[in-house]
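The structure appears right after this line, and notes come after that.
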């Protein structure tokens, strides 16, 4: 009799353990990939990668959250990766890549200038070289206010003909300084925006545009240890021009126009 009771007890325990295991297996796992609604006050898209983690832990996200908390009319702005343009001294504006940009529509663009007090309270210094207005066309202007804090740069820019604002942050890195020193001689006009998209010891490709809009891609090569632009174009380059300037197909990877101007082929040097 005792053996029967013992066996029943063991059987009951095994059944209970089985039910517990099954319940655990059926329990849905927590959704760690649940997207965060960037339009909710105080929240930003946490999936946005922060390139410069060594500045401060989560600095960009902290700034974006703080801006939205202090200025509720910024709640509809979302975070995206992009670039900002920064002027050194009185020269042209160079693109700083790996920027995090808070952008979107606001109800009243006239309130954007109020953001200056936020940056002052957070230890930023106003930068006059990147603050001001520029005529686009007709009566339309681009407005900018800019700030610095150590290596961190911030540019807030908007136009008077639409309710769209961009608040961009980027670190001015050693790589940016190298590009600036390497290519600044090509762009002496202070009203030009320029970027270097790709370069090596002998060739470079980038983009530039005047403040009034438009622009084109530029292609340069090094001659006697100095950079010279050999092509400006808004379209893909002609294969013959690339070959004439000895551009290797390991550098320019893409399509180019044949001389007839109607057909394209993948470039081969």
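Throughout, read-outs are computed from the coordinates displayed, never taken from laboratory work. If you're wondering where the values come from, they're calculated on a predicted model, not measured in any experiment. Cβ sites come from the backbone with ideal geometry, for glycine too, and all protein chains shown count toward neighbours.
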**OP:** For the range 158-199, report the translational diffusion coefficient in µm²/s to the nearest whole number, using Stokes-Einstein at 20 °C, 1.002 mPa s, and a Kirkwood Rh over Cα pairs.
**Re:** 165 µm²/s
**OP:** Indicate, rounded to the nearest 5 percent, the antiparallel portion of the DSSP beta bridges found entirely in the range 147-269.
**Re:** 95 percent
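Go through 139-146, 257-264 and give me the packing order, highest mean Cβ count within 10 Å leading. Spell out each step's value before the answer.
Working: 139-146: 16.8, 257-264: 11.0.
The densest-packed peptide leads the list: 139-146, 257-264.
Quick one: Kirkwood hydrodynamic radius for the range 71-204, alpha-carbon pairs, angstrom, one decimal?
Working: mean 1/r = 0.0633 Å⁻¹.
By the Kirkwood definition, the hydrodynamic radius is 15.8 Å.
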Subject >> the range 234-263 residues near the modelled residue 228 label - backbone nitrogen below 16 Å, point 7 Å along Cα→Cβ >> reply: 241-247
Subject >> Under 16 Å from the residue 70 label point (7 Å along Cα→beta-carbon), backbone N, the range 86-129 >> reply: 102, 111-127
